[in-house]
Amino acid sequence: MGPNVIAFSSGKGGVGKTSLSVNVASLLAQAGTKTLLVDGDLGLANVDILLNLNVETTLQDVLEQKAELSDSLAWVNNNFAVLPATSGVPDMVNQGPDAQKQMGELLDQLGSEFDMILIDTAAGIGADVLWFNHLSQISTVVLTPDPTSITDAYALIKVIWQEYDRQEFHLLLNQVQDEEEAEKFYSGLTKVCENYLQFRPQFLGHVTKDSSVQKGLRSKKPFAQEFPQSQATQDLTQIVIRLKELSMNQA
Amino acid sequence: MSTESNPKSSAAHDEACPLGTHDCPIYDQVQLLKVAHARLSQLSQTDPLTGLYNFRYLVSAVEREIERTRRTGSPTTLVMIDIDHFKSINDTYGHQVGNLALKHIAKLLKGSLRKIDIVCRYGGEEFTLILPNTRLSGGQLVAERMRERIEKSELISDDTKIALTASFGVGTFEEGMDLSGEAFIHEVDECLIRAKQKGRNQVQSVERKSIEGVSRQEKQSLNFDF
Ligand SMILES: Nc1ncnc2c1ncn2[C@@H]1O[C@H](COP(=O)(O)OP(=O)(O)OP(=O)(O)O)[C@@H](O)[C@H]1O
Ligand SMILES: [Mg+2]
């Protein structure tokens, strides 16, 4: 079985990549899946903050051969590890093809240790965002009903498609009122993709706009653990089920 | 002693011993070494047969030029040239004629370029042009011109006219590109190999996938009106 690597990207910033990937990871781990969350936001890393982790060495240290991979994993629990990143080092963002290759090797190595690897990427369509997607089996695109988020999600899909010929994208509609609204936006974006790119993205699911997401953020614990009954957690549980099915089909 | 050892004054009066001693033997030796050093460094950069720059120089010049592209944004184009069927020229007419052909091509290349362009002999029968401040289209033009010139040129040895053609690979290093000098040379070399495979006596260029952004129409259709 190969590694199951899932990237979370969005084009537009602040739509919920980090909040959702942290909580998907936490739910996967809770269900017994050995899960690694890689902080792929090499410029403005903050997975560690959301999980209140004490970080000593980071992904960048590993890439620069300054630290061992195993020493850089921060364990949230037995099934849930984070590979944190360093924040505020601008030149790390413009990693060359060497870093991409190294990262690929790193993921291969980690693939034997974990059942599932999630990557929380940076906003935008920078080179690192593109190659993190290239290195993943599953590309998840997070978007909200905000018109700029839709355009940016489309731009991201288009550029990854042009660069790597990828035609499989999984849309995650975040901060919606309900499933109906999510599906409306999904079919709107799907039409444009079909028209101009000649393929259909898939619908991964939706997460309702829910104050428990913010509350979780403030408590520095996954909202899915803090508020298991919340609408957002219920929505995310559906998404986790689909992701598991997808990764089974990939293997 | 201390006053005379000012490096500035010794540089300014290169002809005389900085200590002011006439017929200073050490100073004479230093001058000879300087000349020898200049010659050696030139030799270490040039190909003795053609007088062109050699492979070593090429690599450092490519690094220097792409660094300049990164700094200034002005593109650098590389043209790689390989004489077609050179081995059979050597086998049929002998190495002397082979060398003659190399010199002949070297002269053609050197004779039709700008001052800032750099011509190197890359290896056996391979040549490389570095064209600073040149886009791909400009490089393709130069390559096509050279191809024609070589095809039409005459190499005569012992009253036999030897037909010469060459294959070309062209590539351009643009601002913001993420590629090492070595990788850039390799990329253009791959193109040259493609020109050979496609039947020789032709120019092939590195085609980079151009990424097209989101068009106005796409934006309009993304502006949902629910
Ligand atoms: N379903 C939701 N309901 C309510 N608030 C949400 C929801 N999802 C995300 N948010 C809020 O949106 C904000 C941005 O979230 P987050 O940091 O996860 O986004 P991001 O895409 O990772 O941002 P960046 O691009 O800066 O990395 C946070 O304040 C978060 O609490
Ligand atoms: Mg984030």
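The values are calculated or read from the model by the stated rules, or taken from the named source; none is laboratory data. None of the values given here were measured: they were computed from a predicted structure. Cβ: placed from backbone, ideal geometry, glycine included. Neighbour counts: every protein chain shown.
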_Where a residue in region A:4-21 is within 17 Å of A:VAL38 (Cβ to Cβ) and its partner, wherever it lies, is more than 11 Å from ligand 2 (Cβ to nearest atom) and aromatic (Phe, Trp, Tyr), with Cβ under 7 Å and at least six apart_ = A:ALA7/A:PHE132
_With the condition being surrounded by fewer than 21 Cβ atoms within 10 Å (Cβ to Cβ) and without any contact (Cβ under 8 Å) to a residue 40 or more places away in the chain, I'd like the strands (runs of 3 or more DSSP E) fully within region B:150-219 carrying at least 1 qualifying residues._
B:155-157, B:160-162
*Which fully enclosed helices (runs of 4 or more DSSP H) of region A:186-250 have 2 or more residues being within 30 Å of B:LEU222 (Cα to Cα)?*
A:211-219, A:231-250
*Taking the stated definitions as given, is A:ASP48 closer than 26 Å to A:LYS244 by Cβ, of a type outside the set (Lys, Arg) and more than 16 Å from ligand 1 (Cβ to nearest atom)?*
no
*Would you point out which residue out of B:ALA183, B:ALA166 is closer than 17 Å to B:LEU78 by Cβ, modelled with pLDDT under 95 and among the small types (Gly, Ala, Ser)?*
B:ALA183
*Tell me which residues, restricted to region A:106-147, are of a type in the set (Gly, Ala, Ser) and closer than 19 Å to A:GLY13 by Cβ.*
A:ALA122, A:ALA123, A:GLY124, A:GLY126, A:ALA127, A:SER139
*Given the residues A:LEU51, A:LEU27, A:LEU36, A:LEU59, which is the only one that is within 16 Å of ligand 2 (Cβ to nearest atom), closer than 21 Å to A:GLY216 by Cβ and among the hydrophobic types (A, V, I, L, M, F, W, C)?*
A:LEU51
*Would you mind stating whether B:THR3 is outside the structural domain of B:THR172 (by TED's automatic domain parsing) and either modelled with pLDDT of 90 or more or touching a Pro at 6+ places or on another chain (Cβ under 7 Å) (or both)?*
no
*Tell me which residues, restricted to region B:173-194, are more than 14 Å from every other protein chain (Cβ to nearest Cβ) and in contact with a Gly (Cβ under 6 Å, 6 or more places away or on another chain).*
B:VAL188, B:CYS191, B:LEU192
*Among the residues of region A:192-251, which ones are within 14 Å of chain B (Cβ to nearest Cβ) and either touching a residue at least 40 places away in the same chain (Cβ under 8 Å) or farther than 30 Å from B:ASP225 by Cα (or both)?*
A:LEU197, A:PRO201
*asked:* Take the conditions within 23 Å of B:LEU192 (Cα to Cα), without any contact (Cβ under 8 Å) to a residue 24 or more places away in the chain and under 20 Å from the mean Cα position of the chain (by Cα) and apply them to B:GLY111. Does it pass?
replied: yes
*Which ones in region A:147-167 are closer than 17 Å to A:ALA123 by Cα and buried (at least 16 other Cβ atoms within 10 Å of the Cβ)?*
A:SER149, A:ILE150, A:THR151, A:ASP152, A:ALA153, A:TYR154, A:ALA155, A:LEU156, A:ILE157, A:LYS158, A:VAL159, A:ILE160
*Counted residues, region A:169-191 - those being away from chain B (no Cβ under 14 Å), touching a residue at least 40 places away in the same chain (Cβ under 8 Å) and away from ligand 1 (no atom under 14 Å from the Cβ)*: 1
*Scan region A:1-31 for residues that are within 15 Å of ligand 1 (Cβ to nearest atom), part of a helix (DSSP H, G or I) and of a type in the set (Gly, Ala, Ser) and report the count.*
4
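Conditions (1) within 30 Å of B:ILE162 (Cα to Cα); (2) in contact with a Ser or Thr (Cβ under 8 Å, 6 or more places away or on another chain), marked per residue:
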site	(1), (2)
B:LEU43	no, no
B:LEU49	yes, no
B:THR72	no, no
B:ASP84	yes, yes
B:TYR93	yes, yes
*Return yes when A:ASP41 is surrounded by fewer than 23 Cβ atoms within 10 Å (Cβ to Cβ) and not hydroxyl-bearing (Ser, Thr, Tyr) and no when it is not.*
no
